[in-house]
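Trainee: Below you'll find the structure I mean.
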């Protein structure tokens, strides 16, 4: 009688452990799917907005260069000045790359974990 009861409890324990492991695996799969979908949609949105922003920046830069070139007596001076501006901005971003990297890591850490 005691062995039958113990056998019954062990089989019930085995079933519960199996159910727990199955549920845990499903949870991990769903969490991984959620994280991957958030990543994919974020990347698509980033590339879409970046391409629109770069096109806008390109066209505005041409307009500014031509306007500045009219005031300075030649388009080459306007384009040179706009190019120098972008060089300075690029050097500033390069100098601040570690702090920018930290901000990006914090953002994605909060988003995914």
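Trainee: Pick out the one residue from 68, 40 that is in contact with a helix residue (DSSP H, G or I) (Cβ under 8 Å, 6 or more places away or on another chain) and either surrounded by fewer than 10 Cβ atoms within 10 Å (Cβ to Cβ) or part of a helix (DSSP H, G or I) (or both).
Mentor: Checking each option against the conditions leaves just 68.
Matching residues to (1) surrounded by fewer than 11 Cβ atoms within 10 Å (Cβ to Cβ); (2) within 26 Å of the chain's Cα centre (by Cα); (3) part of a helix (DSSP H, G or I); (4) at negative phi:
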{"site": "34", "(1), (2), (3), (4)": "no, yes, yes, yes"}
{"site": "55", "(1), (2), (3), (4)": "yes, yes, yes, yes"}
{"site": "84", "(1), (2), (3), (4)": "yes, no, yes, yes"}
{"site": "92", "(1), (2), (3), (4)": "yes, yes, yes, yes"}
{"site": "98", "(1), (2), (3), (4)": "yes, yes, yes, yes"}
{"site": "106", "(1), (2), (3), (4)": "yes, yes, yes, yes"}
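Trainee: Determine which member of the set 40, 88 is under 19 Å from residue 111 (Cβ atoms) and at pLDDT 90 or above. Spell out the reasoning first.
Mentor: On the way: 88 fails: under 19 Å from residue 111 (Cβ atoms).
Answer to the selection: 40.
Trainee: Would you confirm whether or not region 1-8 contains a residue that is in contact with a helix residue (DSSP H, G or I) (Cβ under 7 Å, 6 or more places away or on another chain), more than 21 Å from residue 89 (Cα to Cα) and either surrounded by 10 or more Cβ atoms within 10 Å (Cβ to Cβ) or modelled with pLDDT of 95 or more (or both)?
Mentor: No, because not a single residue in region 1-8 is in contact with a helix residue (DSSP H, G or I) (Cβ under 7 Å, 6 or more places away or on another chain), more than 21 Å from residue 89 (Cα to Cα) and either surrounded by 10 or more Cβ atoms within 10 Å (Cβ to Cβ) or modelled with pLDDT of 95 or more (or both).
The values are calculated or read from the model by the stated rules, or taken from the named source; none is laboratory data. Predicted model only: the values in this text are computed from it and were never measured. Reconstructed Cβ throughout: ideal geometry from the backbone, glycine too, with neighbour counts over all protein chains shown.
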